[in-house]
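Worksheet: the structure to be examined is printed underneath.
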There are 2 protein chains.
Amino acid sequence: MPQANKKHVSKYQEFDHKIFPAGTKGVWVNEKSDGRYSLINEEICLPAAVIRESAIKNNLNWMQQFANHHQVRLSPHGKTTMTPALFSEQLEAGAWGITVATPAQAETAAIAGAKHILMANQLVGKANMALIARLMRQHDVQFYACVDSCENAAQLSRFFSEASLTLNVLIEYGVPGGRCGCRNHEEVETLAGFIQAAKGLRLYGLEVYEGVIHGADAEDKIRLFLRDAVMLVEQLTEKKLITVDSPIITGAGSAWYDIVADEFSAHPHLTAIIRPGCYLIHDTGIYQDAQQQVMSRARRNQGYACELGGDLESALELWAYVLSVPEACKAVIGMGKRDVAFDAGLPLVERGFRDGQPLNVQGLEATAIMDQHTFVNVPAGCDLKVGDILVFSTSHPCLTFDKWRYISVADDTDTVTHFVDTRF
Amino acid sequence: MPQANKKHVSKYQEFDHKIFPAGTKGVWVNEKSDGRYSLINEEICLPAAVIRESAIKNNLNWMQQFANHHQVRLSPHGKTTMTPALFSEQLEAGAWGITVATPAQAETAAIAGAKHILMANQLVGKANMALIARLMRQHDVQFYACVDSCENAAQLSRFFSEASLTLNVLIEYGVPGGRCGCRNHEEVETLAGFIQAAKGLRLYGLEVYEGVIHGADAEDKIRLFLRDAVMLVEQLTEKKLITVDSPIITGAGSAWYDIVADEFSAHPHLTAIIRPGCYLIHDTGIYQDAQQQVMSRARRNQGYACELGGDLESALELWAYVLSVPEACKAVIGMGKRDVAFDAGLPLVERGFRDGQPLNVQGLEATAIMDQHTFVNVPAGCDLKVGDILVFSTSHPCLTFDKWRYISVADDTDTVTHFVDTRF
């Protein structure tokens, strides 16, 4: 069973949130001596992106327990939040490492204190390789990149051998019609042989991303694909193309982590790693749908997700003002594409406040979004007014997070206790 | 004719681009003594957002000359770039002020040295009002907010009179089915009367946004709307509800600025202000389409846009690597929704490089975008390889800019000479 990373020491210096750069949105203007800012009493400039600390803690522990139970390591994908303070919390809760998509993201994971950084993507280009070489030299970290072509392996070998470094690589195994990745066993074996013969590279195992497999029989196809991937790792090990102890097998986004954990847990001799990312923030849109599928599979298969108790909670809210009610059925909200995700469904109105008191928001629905505005449909009889606060939940947390440099962290009384800074 | 703002002094301290925070994307790793970084020779980590300085200068001057010719003031909308260094350039080229959508954006305009800041939006909420009060006290600046309801006017009056400040306001005049704004003359007059009676407010004129008017006869409808708006300002002035010298009339996004300038230029006793924003960066998508309409109207009407010579140029490029060519007709590019706009058309492949040499990119076309990847269709016979650089133009510059904290500025040899930082 994976051990919590007890030696985690964050190199990330907590920023001084008393000094926000001029023009920072979603923060306070009038400093309070107790450092507590009420959203309901308008002590924070809106719009603001707010995460609820209790939901973060719930999600953090839920997924770590899920991984622990299945004896798979958790390497949360960091691209969702790109927030070093949240990476540190994930590592302290027991995450094996942090998964990233780019070299710049890898550096952020390193300053947050990750000892294992898994780049679930190809490392391409001279300057990008130089950034990873710097990271390997400056941080006490095991870094892994994916590779799916001999061209890229040759480029990496040339760069890292000349730099007198050895880069850990995972072969990406994909599916026809999918994203990156070798498409069949033959390509994988050829590439593994090439890597073995190349200087400056060490093959550590196999990486897959099952999230590109769709269709009514997706679960069956994914299980077959995962078994095939495990078999490949075992074949490469037998053929001594992988020579490390406990080779890595890694997969899983936020939709199919249960199936991946289930399949991988049958192979304790491998270092099995799951990489969900959105679970920490969660949402009321596409990831809520995905999680409902996880829970429904758990009910069907006596899966651990049901035993575990509770569920993931949507942790992110957007707080914004009604700017105008120019027509009886239309309100214009001060929140737009600069502030909130819109690519996987518009934000949902969850709550409202007027003069510090809760407001009935039944029937209010976002109908369109522009750069700086959202239209909300106002049902007959609803007396929404200019200055009312609406609180929205979201779909696709990544696209909301990348709009904000500082995210408010609130307790369950909607009081902001501190801010975390993002590094997009 | 509006005078160039000769007294413009930027309070914006140029950031020290030798120290990028860890995890910053799209910058250099290995510092060079000459401070010049070749994109083609891979001296910058990709993906990178790059603006071409010559195109920026062209666009800057083109629009300023257009405004000068029509004797209207230019107050570029800052929401597109939110880049103080670019605001400063716009002010130095003669812009009257900077237009913004939010109080936080107003603060950024102030540090960039704007003496007039026009918030083409309502000012709502205690903390937001406090931010504007701070701005009015700390900066030598004339700030204007829009108002379209007596509720909002009452809230503003209470706050600013208690703060012993006078807030300049413009009444927003809108159209049925549009966004914010009073919907008819009666509403406007009632609000103007309310403002006159309220403490802490000074009515400066009228604001419109014609960009919400659509349809085959949009130009005619827009002209009628603009004439109606001018008439309203004149009526309010006659009725002494507006008492300032040379009341403000302001309109125009990037699509109809020619029509707005044409209509407003007939009224030299008014302070006419146009507010296009995207012209500075421009694109090869929705704003190119809009500009083609401007040029086509100019050809039809002997408009000045044709006399002026030249045209706006797309100034923004995304440079990114081919990460994988997993199937003969599919390439996966290391650039995704974290890096580039995708809401108004996918980025277009314009150029390519391999080992420092130009690459034939004919027929390459983006077909899908994910958080960190773009799929490109590879035509038969094209030998695209892992490690090749593709250079994309974009549609809707605002959504690309808000993904980047530092934008590379390149000369016409694709050499990065400096960076500008954004303040989203």
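The table for this structure:
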quantity: Residues of the stretch B:395-416 classified as more than 10 Å from chain A (Cβ to nearest Cβ) and touching a Gly at 6+ places or on another chain (Cβ under 7 Å), total; calculated: 3
quantity: All positions within the stretch B:276-293 that are assigned to a loop (DSSP other than H, G, I, E, B) and over 14 Å from the mean Cα position of the chain (by Cα); calculated: B:Thr284, B:Gly285
quantity: Test: residue in the stretch A:328-347 that is buried (at least 21 other Cβ atoms within 10 Å of the Cβ), in a strand (DSSP E or B) and facing chain B (nearest Cβ under 9 Å); calculated: yes
quantity: When residues of the stretch A:35-58 are limited to those that are more than 11 Å from chain B (Cβ to nearest Cβ), over 26 Å from the mean Cα position of the chain (by Cα) and at pLDDT 95 or above, the one nearest to A:Pro347 (Cα to Cα); calculated: A:Ile40
quantity: Residue identified as assigned by TED's automatic domain parsing to the domain that holds A:Val322 and either in contact with a Gly (Cβ under 7 Å, 6 or more places away or on another chain) or open to solvent by less than 40 Å² (accessible area, probe 1.4 Å) (or both) among A:Trp28, A:Trp62; calculated: A:Trp28
quantity: Index of the failed condition, B:Trp28 passing every other in (1) at the interface with chain A (Cβ under 9 Å from one of its Cβ atoms); (2) farther than 26 Å from B:Arg338 by Cβ; calculated: (2)
quantity: Residue check, B:Ser54 open to solvent by 10 Å² or more (accessible area, probe 1.4 Å), of a type in the set (Gly, Ala, Ser) and in contact (Cβ under 8 Å) with a residue 40 or more places away in the chain; calculated: yes
quantity: Search result, residues across the stretch A:240-285 that are β-branched (Val, Ile, Thr), open to solvent by 10 Å² or more (accessible area, probe 1.4 Å) and touching a strand residue (DSSP E or B) at 6+ places or on another chain (Cβ under 7 Å); calculated: A:Val244, A:Thr271, A:Thr284
quantity: Flag for A:Gly356 being within 12 Å of chain B (Cβ to nearest Cβ), over 27 Å from the mean Cα position of the chain (by Cα), on the phi > 0 side of the Ramachandran plot and buried (at least 16 other Cβ atoms within 10 Å of the Cβ); calculated: no
quantity: Qualifying positions in the stretch A:142-187 - buried (at least 24 other Cβ atoms within 10 Å of the Cβ), within 11 Å of another protein chain (Cβ to nearest Cβ) and among the β-branched types (Val, Ile, Thr); calculated: A:Val147
quantity: Selection from the stretch B:54-74 of residues that are of a type outside the set (A, V, I, L, M), in contact with a His (Cβ under 9 Å, 6 or more places away or on another chain) and assigned to a helix (DSSP H, G or I); calculated: B:Asn59
quantity: Residue in the stretch B:79-97 that is surrounded by the most Cβ atoms within 10 Å (Cβ to Cβ), counting only those that are outside any loop (DSSP other than H, G, I, E, B), within 14 Å of another protein chain (Cβ to nearest Cβ) and among the aliphatic types (A, V, I, L, M); calculated: B:Leu86
quantity: Which listed residue is polar (S, T, N, Q), outside the structural domain of B:Pro84 (by TED's automatic domain parsing) and closer than 25 Å to B:Gly253 by Cα, from B:Thr394, B:Thr415; calculated: B:Thr394
quantity: Which numbered condition B:Gly178 fails, given (1) part of a helix (DSSP H, G or I); (2) within 23 Å of A:Gly336 (Cα to Cα); calculated: (1)
quantity: Top-ranked residue of the stretch A:289-322 - restricted to ones that are of a type in the set (A, V, I, L, M) and within 16 Å of A:Phe66 (Cβ to Cβ), ranked as nearest to the other protein chains (Cβ to nearest Cβ); calculated: A:Ala290
quantity: Positions within the stretch B:98-134 being β-branched (Val, Ile, Thr) and facing chain A (nearest Cβ under 7 Å), in sequence order; calculated: B:Thr102, B:Thr108, B:Ile111, B:Val124
quantity: Those residues of the stretch B:294-319 which are open to solvent by 10 Å² or more (accessible area, probe 1.4 Å) and assigned to a loop (DSSP other than H, G, I, E, B), in sequence order; calculated: B:Gln302, B:Gly303, B:Leu308, B:Gly309, B:Gly310, B:Asp311, B:Leu312, B:Glu313, B:Ser314
quantity: Residue identified as modelled with pLDDT of 95 or more, of a type in the set (S, T, N, Q), part of a loop (DSSP other than H, G, I, E, B) and assigned by TED's automatic domain parsing to the domain that holds B:Gly253 among B:Ser164, B:Ser157; calculated: B:Ser164
quantity: Single residue of A:Asp339, A:Asp311, A:Asp343 found to be over 20 Å from A:Gly363 (Cβ atoms) and in contact with a Pro (Cβ under 9 Å, 6 or more places away or on another chain); calculated: A:Asp339
quantity: Positions within the stretch B:139-154 being touching a helix residue (DSSP H, G or I) at 6+ places or on another chain (Cβ under 8 Å) and either among the polar types (S, T, N, Q) or outside the structural domain of B:Cys180 (by TED's automatic domain parsing) (or both), in sequence order; calculated: B:Ser149
quantity: Odd one out for A:Val391 among (1) touching a strand residue (DSSP E or B) at 6+ places or on another chain (Cβ under 8 Å); (2) outside any strand (DSSP E or B); calculated: (2)
quantity: Filter result for the condition that a residue is part of a helix (DSSP H, G or I) and modelled with pLDDT of 95 or more, over A:Ala104, A:Ala120, A:Ala114; calculated: A:Ala104
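The values are calculated or read from the model by the stated rules, or taken from the named source; none is laboratory data. These numbers were taken from a predicted model, which means no experiment stands behind them. Note that each Cβ is placed from the backbone with ideal geometry, even for glycine, and that neighbours are counted across all protein chains shown. Keep in mind that these areas ignore ligands, DNA and RNA; they rest on the heavy atoms of the full protein, side chains included. Shrake-Rupley method; radii C 1.70, N 1.55, O 1.52, S 1.80 Å.
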